[in-house]
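**Student:** The structure that follows is given in the form of structure tokens.
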Amino acid sequence: MVLWPRSIGCPYRRPKPSASHSRRKPRRLDWSTPWHTAHTFEQARQVPQGQDTQDTQDTVPKIEWFSGTLNVAYNCVDRHVEAGLGAKVALHFEGEQGDRRTVTYAALQLEVGRAANALLDLGIGRRDRVVIYLPVIVETVIITLACARIGAVHSLVFGGFSAEALKFRVEDTGAKLLVTTDGQFRRGHAVPVKENAGHAVSGITQSSMRSWSTGPRPLTGWAPLPGRRAGISGGTTP
């Protein structure tokens, strides 16, 4: 599958290294809270584990880039629509079976808003972890941006990973939601992705699994679950 992002403005050119590079580039983004420090680093240190023991434990190094706050979804989508570029193509998609799809920034904004509403309806909020187990499709971009829109933390898992590998990542992140698909085509064969996902989350109480349709055309070999076509509801954009 091929997913072609379309850039706005000039074609990409590798920037020349300069002392002010880390300060000039961030100004091209829209910040909710302006940043004032480009980079901070706090080394690991030993701290006592208790008052009555000599045992110590190393802390995790703390590295931060830019001190402000921004919304990635707004910077990737909304601001381009607000600038009058809603009709400009954001994504060109071509699937393994030759199916093609073109998505404008305005259409992408609508889909991301709907997906964000669906996440909120499922009880997902700021700092909640969401595991995304999808192939390279437009919906993968949509749900990733939807997570960023509401402040949820997403973890992308390669759609070709086994159920055991997926289960480890769901457990390790403590995810509240697993987003997957009924299936995908890989090298000409229909792969039951949701079946693998079901095996992965069986017995895990902290995860809620919902299926995410890959499109209007069902894949050969299974049928989408009734009432779980996309899990997207309408409404205002959050």
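Since every read-out is calculated from the coordinates, none of them should be taken as a lab result. Please read all numbers here as calculations on a predicted model, not as lab measurements. Counting neighbours? That spans all protein chains shown, and the Cβs are built from the backbone with ideal geometry, glycine included.
**Student:** So for Tyr74, Tyr133, fewest C-beta neighbours within 10 Å to most, what's the order?
**Tutor:** By the 10 Å Cβ count, ascending, the order reads Tyr74, Tyr133.
**Student:** Exposure proxy check: Asp128, Asp172, Asp182 ranked by fewest other beta carbons within 10 Å?
**Tutor:** Details: Asp128 19, Asp172 11, Asp182 23.
Sorted ascending by nearby Cβ count, the order is Asp172, Asp128, Asp182.
**Student:** Work out the FRET efficiency for Ser155 and Arg101 from their Cβ-Cβ distance, taking R0 = 30 Å, and round it to the nearest 0.05.
**Tutor:** Working: r = 25 Å, r/R0 = 0.84.
Plugging the Cβ-Cβ distance into 1/(1 + (r/R0)^6) gives 0.75.
**Student:** Another question, then. Once you put a point 7 Å from the Cα of Leu85 and another 7 Å from the Cα of Thr69, both along the Cβ direction, what distance in nm separates them?
**Tutor:** That separation, rounded to one decimal, is 2.6 nm.
**Student:** Ok, one more. Once you have the Cα-Cα distance between Glu42 and Gln57, take 0.36 nm times their residue separation minus that, and quote the gain in nm to one decimal.
**Tutor:** Numbers: separation 15, 0.36 × 15 = 5.40 nm, distance 1.58 nm.
Here the segment from Glu42 to Gln57 would lengthen by 3.8 nm.
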